[in-house]
1. Can we say Val24 is among the hydrophobic types (A, V, I, L, M, F, W, C), assigned to a helix (DSSP H, G or I) and modelled with pLDDT of 90 or more?
2. Limited to the range 55-78, what total is found for residues that are β-branched (Val, Ile, Thr), closer than 20 Å to Tyr19 by Cβ and at pLDDT below 90?
3. Could you check Ile127 against (1) in a loop (DSSP other than H, G, I, E, B); (2) modelled with pLDDT under 75; (3) surrounded by 10 or more Cβ atoms within 10 Å (Cβ to Cβ); (4) not hydroxyl-bearing (Ser, Thr, Tyr) and say which number it fails?
4. Based on this model, can you work out whether Leu10 counts as touching a His at 6+ places or on another chain (Cβ under 7 Å), modelled with pLDDT of 90 or more and either β-branched (Val, Ile, Thr) or not in a loop (DSSP other than H, G, I, E, B) (or both)?
5. Of everything in the range 16-67, what is closer than 17 Å to Trp96 by Cα, touching an Asp or Glu at 6+ places or on another chain (Cβ under 8 Å) and of a type in the set (A, V, I, L, M, F, W, C)? Give them in sequence order.
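The values are calculated or read from the model by the stated rules, or taken from the named source; none is laboratory data. Quick caveat, the model's predicted, so the values are computed rather than measured. Note: ideal-geometry Cβ built from the backbone for every residue, glycine included; neighbour counts use all protein chains shown.
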Amino acid sequence: MTSPENDHVLVAGYDGCGYYARAVEAAKSAPNVQFTAKVLPTREAFLDYLSLPSVRNKIGNHKTSPVVFHNTGGVMGDVPTSTSTFLGGCDSLLEWLSVAPDLSTTLSPSEILEFFHKQHREFGFVIWVLFRGLW
């Protein structure tokens, strides 16, 4: 699904959230889409933002950063308008923009295993994999 021309998107999230940063970058690079980035200083401030009536009424039970709103009726400010619709989070925005998240890998299974062994040696953590019925 391709985003319509001359639409406006509001991306709201908190500083330091990787998904918020990714959503902002995707919105920035999208042709024919204007956007507003609302960055909040902390996760707590973001949760307070989610409790604003104009936000809460649109997002339902969504509680993660970012929240993305779409509007065809002109530019939004820092909060959604009555004509705004809730798109979802980062993945929903990427899907709406037709920018699928890259979940593929070019590594073979043995290369992936070697990567995890190297990470384990370098950082000293243990990776536990539980198979059904095998402890």
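1. Details: among the hydrophobic types (A, V, I, L, M, F, W, C): yes; assigned to a helix (DSSP H, G or I): yes; modelled with pLDDT of 90 or more: yes.
For Val24, the condition - among the hydrophobic types (A, V, I, L, M, F, W, C), assigned to a helix (DSSP H, G or I) and modelled with pLDDT of 90 or more - is met.
2. Within the range 55-78, the subset β-branched (Val, Ile, Thr) is 55, 59, 64, 67-68, 72, 75.
Narrowing the set further to residues that are closer than 20 Å to Tyr19 by Cβ leaves 55, 59, 64, 67-68.
Subsequent filtering for residues that are at pLDDT below 90 retains none.
Selection size over the range 55-78: 0.
3. Every condition holds for Ile127 apart from (3).
4. Answer is no for this residue.
5. Matches in the range 16-67: Val33 only.
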